[in-house]
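Single-structure report; data block below.
The values are calculated or read from the model by the stated rules, or taken from the named source; none is laboratory data. These figures come from a predicted structure and were not determined experimentally. When we count neighbours, we look across all protein chains shown, and the Cβ atoms used for this are built from the backbone with ideal geometry, even at glycine. What goes into the accessible areas is simple: the full protein's heavy atoms, side chains included, and nothing from ligands, DNA or RNA. Shrake-Rupley method; radii C 1.70, N 1.55, O 1.52, S 1.80 Å.
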Amino acid sequence: MILSPSLLSADFSRLADELAALEAAGISWLHLDIMDGAFVPNITFGQPVIQSLRQRSSRLFFDVHLMIEEPARYLEAFRDAGADMLVIHAEADRHPQRTLSEIRRLGMKAGLAFNPGTDIAPLRWLAPDLDMVLIMSVNPGFSGQKFIPQSFDKIRATRTMLNAAGAGDVLIQVDGGACPENTAQLVAAGADVLVSGSAFFGHPPYDRCHQRFQAAARTAADNAHDARCAAAALWQPGRALKK
């Protein structure tokens, strides 16, 4: 299992120190939530913050979650800022296949997110253009929300659909309410990457918190899951900066 802590729950007054602490704790991914106040009822940060973070860290894989309308307008800007992966929302893009393929052409990994009330049926046609599927287990916009139990069935259905489409190597990420207490269930359902905000940053020291997540994941991991995570661990941070 890959843990991708959500920067929204970090201490924004000392972000450089937070990045250093994450790296020291063995964290390899960082989840960056970009919100525009239109697609979701909140506004966070954009490319300048990502660029400044990239200048501070060459080791973390920047997992950038675009909760914005018409994300295709900003792909190159986020690439240039230092994003390693861009995840767009199925609900926010009229032409997701074109956008996903363009993300890959620009040298980044491509992901597609689904809100709790959105059917995953488009995966049947979009799987060849994906590196990761993000299942929202809360309604997007704010951290600290309660996990929606129906998400377990949606994760299982996503894994089944990806396997049927010949895309068994595509990762499944879960965002919202993930914690050590439900990690085993999430991994057993098919999750490969867990996004954690307050359940991670609110329980220092980070190395021990990371260990608690990983210990819980090991009780449920299977060989296929391990293989996907091992492959994803080889994804190199800062790919988007290489011209």
* Structure fact -> In debye to the nearest 20, the charge dipole size for the range 2-222, taken about the Cα centre with +1 at each Lys and Arg Cβ and -1 at each Asp and Glu Cβ, equals 260 debye
* Asked: Based on DSSP, what percent of beta bridges with both residues in the chain are antiparallel, to the nearest 5?
  -> 5 percent
* What percentage of the solvent-accessible surface of the range 145-243, computed with a 1.4 Å probe over protein heavy atoms, is contributed by carbon and sulfur atoms? -> 54 percent
* Which net charge results for the neighbourhood of Y206, defined as the other residues with beta-carbon distances under 13 angstrom from its beta-carbon, given Lys and Arg at +1 and Asp and Glu at -1? -> -3
* Please work out which option in [x] 0.95; [y] 0.92; [z] 1.02 gives Rg/Rh (Cα atoms, Kirkwood Rh) calculated from these coordinates, and answer with its label. => [y]
* To do: Give the distance, in whole Å, between the Cα centre of the range 24-65 and the Cα centre of the range 159-222.
  => 19 Å
* Taking K and R as +1 and D and E as -1, what net charge do the other residues with C-beta under 12 Å from the C-beta of D33 add up to? -> -3
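Using Cα-Cα distances under 8 Å and only pairs 6 or more residues apart, what relative contact order does the range 2-222 have, in percent?
Relative contact order of the range 2-222: 20 percent.
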* To do: Please work out the average accessible area per residue across the chain, using the 1.4 Å probe convention, and give it in Å².
  => 43 Å²
* Of the DSSP beta bridges with both residues in the range 6-78, give the percent that are antiparallel, rounding to the nearest 5. => 10 percent
* To do: Rounded to the nearest 0.05, what FRET efficiency do Q51 and R105 give with R0 = 25 Å and r taken as the Cβ-Cβ distance? Could you check?
  => 0.75
* To do: Take the solvent-accessible surface of the protein heavy atoms, probe 1.4 Å, and return the percent of it on the range 8-126 that carbon and sulfur atoms account for.
  => 46 percent
* **T219 versus D119: modelled label distance in nm, points set 7 Å from Cα along the beta carbon direction** => 3.6 nm
